Amino acid sequence: MKSDIVVVGGGPAGMAAAWAAARSGAETLLIERYGFCGGMATTGIIGSILGHYLNEKEPAVAGFLKVLVEKMAELGGCERWEVAFRKYGISFDSEILKYAAEQLLCDAGVKFLYHSYFSKAKVNSGSIDSIEVVNKSGTMNIEGKFFIDATGDADLSCFAGFEYTKGRPQDGKTESMGCIFKIAGIDEEKLTEQTVNEARVKLSKLRSSGELKIFNEGLGGKGSTIRKGERSFNMTRYAGDATNAIELTNAEIFLRKETFKIYKFFKENVPGFENSYISAFNINAGVRETRQIKGLYTLTEQDVIEGRKTDDSVAKCTYWIDIHCPFGRTINTHLCYKECQTSEYCVMLDKYRDYLPSKDKLYPPDNDWFSIPARCLIPERAKNLLVAGRCISADHKAMGAIRVMATCMATGDAAGAIAVTCLNEKCNVQSVPVKKAQKIIEQLGGLF
Ligand SMILES: Cc1cc2nc3c(=O)[nH]c(=O)nc-3n(C[C@H](O)[C@H](O)[C@H](O)COP(=O)(O)OP(=O)(O)OC[C@H]3O[C@@H](n4cnc5c(N)ncnc54)[C@H](O)[C@@H]3O)c2cc1C
């Protein structure tokens, strides 16, 4: 197979990248290991969509996100854009997202290759000639003029030999994995303030004793579901390297077991859950952080908290440094910062406290955003490779901010636009005229 632009990975970033490239007239192929798109939004049933919210009048992300929300709204899968973007999180139905996204991409002219796992790249002096995927046909060779790595884990960049980092510099630990699950059949009328408070007290005891390995006492919400009587829950953690197949397998088994324990607690203890049932386990453990490519620029904590802007900005991010404990701890531990109250030994608190962000300095300035420069999407030495989504060039702390789905879609739009610019200008990614890519992003309704 052959295509001018080849996008690997059909998550928030990959969908946006493929849409942006095809909408701008380029022949585009999207390769995805599962039989549908959405990435963590569907395989991880993660929601709501975060990172677009600037204030009630103005979004920080539009482009593919806006089109997707409009399409889902038309299909009854979320609120209309005019309503949705004014909220901090956009809740949606993850089943509708699968269909809506696919239709949008088909309409834009994207060609698909599902059930295909990227495994190898043939590289010549920084230029990828072709990649190999493994699927039911055996192996297939795919040639492209430009490639976009939207695998979340930077699989393509890593196996093509480009440099990357993984986790924090001191011990290489990444944010913990997690597992979102949905419970349906809930009688939400019974969830009064009193019921909720009582449930929280019980959950808090079980959390403190370690009987339930949960990092909050929430009763779920409308994240990746908008259905009456159904809620999605984000409560579990697992420490491990999700690019290690054995650790990822262990995560799946551990997290499913914990999920079932939590569900049993709700069913047996919380009024309203008597007739409830697990309506969805995730298909893939929730992976927050793995590899970051080493790009021409690496986003830092300072970029986030100072709301820094750059001339080569290709996306806006309003999100904050949200680092889930890399040790997977849940007792007296909320997020990873200097003020963590864990009573267990933590090498970071003991030896590297200065490195950790402070609880009071996690956010961009009020009502403000920071730039994601085009340089964060361009791997050092690469000639025809771009990266989009959570694996762009960012340090461990800035990564905790840019990993949310709206921001990943915005970097997807940008990667698609940069690839098309390179194709049109017959240049390599190192010398892309960013102003021209920005023009394309603008034409696609993107913000930067
Ligand atoms: C527990 C948890 C809770 C979260 N909560 C929120 C939240 O509430 N709101 C929010 O906005 N974000 C949240 N996030 C973050 C967000 O979901 C992810 O960071 C985001 O989805 C990353 O998008 P992506 O496109 O970069 O990668 P992914 O969503 O991981 O998509 C990557 C895609 O590439 C495919 N792929 C990977 N490797 C290969 C390969 N080798 N060959 C072929 N295909 C491949 C995958 O199947 C997938 O479709 C959460 C994350 C976790 C883990």
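Here, each number is a calculation from the coordinates, and none is a lab measurement. Bear in mind the structure is a predicted one, so any value in this text is a computation, not a measurement. Heads up, the Cβs are rebuilt from the backbone with ideal geometry, glycines too, and the neighbour counts pull from every protein chain shown.
Compare VAL387, VAL404, VAL133 in a GNM of the chain, Cα atoms joined below 10 Å, and give the one with the largest fluctuation.
Sorting by GNM fluctuation, first place goes to VAL133.
Apply the Karplus curve 6.51 cos²θ - 1.76 cosθ + 1.60, θ = phi - 60°, to the phi angles in region 219-233 and return the couplings in whole Hz, x for Gly and Pro.
Taking θ as phi minus 60°, the curve returns 10, x, x, 8, x, 9, 9, 10, 7, 4, x, 10, 9, 10, 10 Hz for region 219-233.
Could you please rank TYR263, TYR319, TYR355, placing first whichever residue has the fewest other Cβ atoms within 10 Å of its Cβ?
Fewest to most other Cβ atoms nearby, the residues stand as TYR355, TYR263, TYR319.
Which whole-Hz ³J(HN,Hα) couplings does region 135-151 yield from phi under the Karplus relation 6.51 cos²θ - 1.76 cosθ + 1.60, θ = phi - 60°, glycine and proline marked x?
With the stated coefficients, region 135-151 comes to 7, 4, 7, x, 10, 10, 9, 10, 9, x, 8, 9, 10, 10, 8, 10, 7 Hz.
Would you mind telling me which residue in GLY286, GLY229, GLY416 has the biggest mean-square fluctuation in a Gaussian network model of the chain, where springs connect alpha carbons within a distance under 10 angstrom?
GLY229
With 29 Å as the limit, write out which pairs from LYS57/LYS435; LYS2/LYS166; LYS359/LYS436; LYS120/LYS213; LYS111/LYS228 have Cα-Cα distances beyond it, or answer none.
Too far apart for the 29 Å limit: LYS2/LYS166; LYS359/LYS436; LYS120/LYS213; LYS111/LYS228.
I'd like the distance separating the alpha-carbon centroids of region 147-164 and region 342-410, in whole Å.
17 Å
List every residue whose amide H lies under 5 Å from the amide H of TYR53, counting only residues 5 or more places away in sequence or on a different chain, with H placed 1.01 Å from N in the peptide plane.
When sequence neighbours closer than 5 places are left aside, the close amide H contacts are ALA60.
Roughly how big is the chain's charge dipole about its Cα centre, with Cβ charges of +1 (Lys, Arg) and -1 (Asp, Glu), in debye to the nearest 20?
400 debye
Among PHE370, ALA437, ASN424, whose Cα sits farthest toward the positive end of the charge dipole of region 337-448 (+1 at Cβ of Lys/Arg, -1 at Cβ of Asp/Glu, about the Cα centre)?
ASN424
With the dipole of the chain worked out from charges on the C-beta (+1 for Lys and Arg, -1 for Asp and Glu) around the Cα centre, which of ALA121, TYR99, TYR319 lies farthest toward the positive end?
ALA121
Report the dimensions of region 212-340 along its three principal axes from the alpha-carbon atoms, largest first, rounded to Å.
That gives 56, 35, 31 Å along the principal axes, largest extent first.
Just tell me, in residue order, which DSSP H segments of the chain are both 18 angstrom or longer along the helix axis (alpha-carbon based) and at least -1.0 in mean Kyte-Doolittle hydropathy.
94-108, 193-209, 245-269, 405-425
For the chain, how big is Rg over Rh, using alpha carbon atoms and the Kirkwood form of Rh?
0.96
Most mobile of SER137, SER208, SER224 per a Gaussian network model of the chain (Cα springs, under 10 Å)?
SER137
Give the relative contact order (percent, whole number) for the chain; include only Cα pairs under 8 Å separated by 6+ residues.
23 percent
Report, in whole Å, the centroid distance computed from the Cα atoms of region 58-122 and region 200-246.
25 Å
Based solely on its DSSP helices, what 222 nm [θ] is calculated for the chain when runs of n ≥ 4 H residues each add -39,500 (n - 2.57) and the sum is averaged over all residues, nearest 500 deg cm²/dmol?
-9500 deg cm²/dmol
Over region 314-448, what is the mean sequence separation of C-alpha contacts under 8 Å (at least six apart), divided by residue count, expressed as relative contact order in percent?
30 percent
Ranking LEU386, LEU29, LEU248 by Cβ neighbours within 10 Å, fewest first, what do you get?
With the sparsest Cβ surroundings first, the list reads LEU248, LEU29, LEU386.
Report the one residue of VAL69, CYS37, PRO59 whose Cα lies farthest in the direction of the positive end of the charge dipole of region 33-87 (charges on C-beta: Lys and Arg +1, Asp and Glu -1; origin at the Cα centre).
Projecting each Cα onto the dipole axis, the largest value belongs to CYS37.
For the residues SER393, SER431, SER276, what sequence is obtained by ranking on other C-beta atoms within 10 Å, fewest first?
Listing SER393, SER431, SER276 from fewest to most nearby Cβ atoms yields SER431, SER276, SER393.
For region 248-378, calculate the relative contact order in percent as a whole number, restricting contacts to Cα pairs under 8 Å that are 6 or more residues apart.
32 percent
Roughly how big is region 228-278's charge dipole about its Cα centre, with Cβ charges of +1 (Lys, Arg) and -1 (Asp, Glu), in debye to the nearest 20?
200 debye
Looking at the calculated P(r) for region 180-281, what percent of the C-alpha pair distances fall above 18 Å?
Here the tail beyond 18 Å accounts for 48 percent of pairs.
Hey, what do the phi angles of region 321-335 turn into as Karplus ³J(HN,Hα) couplings, whole Hz, using 6.51/-1.76/1.60 and θ = phi - 60°, x for Gly and Pro?
Along region 321-335, the couplings run 7, 10, 9, 7, 2, x, 8, x, 6, 10, 7, 6, 10, 9, 10 Hz.
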